[in-house]
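Read the structure below first, then the notes.
The values are calculated or read from the model by the stated rules, or taken from the named source; none is laboratory data. Everything numeric here is computed off the predicted structure, so don't read it as measured data. Every residue, glycine among them, receives a Cβ derived from its backbone with ideal geometry; neighbour counts consider all protein chains shown. All accessible areas refer to the heavy atoms of the entire protein, side chains included, with ligands and DNA or RNA removed. Shrake-Rupley method; radii C 1.70, N 1.55, O 1.52, S 1.80 Å.
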Amino acid sequence: MKLLIIGFVSGIISGMGIGGGTILIPSLVFFTSLNQQESQGINLIVFIPVAIVALAIHFKDKNIEFGYAKWIIVGGIIGSIAGSILAIRIEPGSLRKYFGVFLFFIGAYELFKSNKA
């Protein structure tokens, strides 16, 4: 049941475009016996169907600017290869700490950024 709830919450966050991994990865590390690398791997598999559904909805609503997307996709592919190689070479405890620091800085940025809406 807890995995269903974790998946539901991360799916909502993913559908909003925020990134369900910010919920899914820490939840899997804290509430299951999975280590950081295993949780990140599961996040990547879970991301595929969630992203397809979210993409279809955003495409239907014309929320995609393809001129920007193509360059981000190229950079994302290159970055994902480098990040995957790096992640499997880092000790799980250290990777968990790095991920936590990353989430802290993203949260602090979101908390203190000026509203430009």
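Can you tell me which residues in the stretch 100-116 are in a loop (DSSP other than H, G, I, E, B) and open to solvent by 100 Å² or more (accessible area, probe 1.4 Å)? Result: 115, 116.
Quick one: would you say residue 18 is among the β-branched types (Val, Ile, Thr) and in a helix (DSSP H, G or I)? Here the answer is no, as residue 18 does not meet what is asked.
The one condition from (1) open to solvent by 40 Å² or more (accessible area, probe 1.4 Å); (2) assigned to a helix (DSSP H, G or I) that residue 34 does not meet is (2).
Conditions tested, residue by residue: (1) free of Cβ contacts under 8 Å to residues at least 60 places away in the same chain; (2) of a type in the set (Lys, Arg); (3) open to solvent by 60 Å² or more (accessible area, probe 1.4 Å); (4) out of contact with any Phe, Trp or Tyr (no Cβ under 7 Å at 6 or more places or on another chain).
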residue: 10; (1), (2), (3), (4): yes, no, no, yes
residue: 18; (1), (2), (3), (4): yes, no, yes, yes
residue: 22; (1), (2), (3), (4): no, no, no, yes
residue: 27; (1), (2), (3), (4): yes, no, no, yes
residue: 46; (1), (2), (3), (4): yes, no, no, yes
residue: 57; (1), (2), (3), (4): yes, no, yes, yes
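The combined condition, being free of Cβ contacts under 8 Å to residues at least 12 places away in the same chain, loosely packed, with under 14 Cβ neighbours inside 10 Å and of a type in the set (A, V, I, L, M), is fulfilled by residue 72.
Figure legend. Inter-residue proximity from the stretch 76-99: first residues part of a helix (DSSP H, G or I), second residues exposed (fewer than 11 other Cβ atoms within 10 Å of the Cβ) and among the polar types (S, T, N, Q), beta-carbon distance below 9 Å, spacing 6+ or different chains. No pairs are indicated. If you go through the stretch 85-94 and keep only what is at pLDDT 90 or above and open to solvent by less than 100 Å² (accessible area, probe 1.4 Å), you end up with 85, 90, 94.
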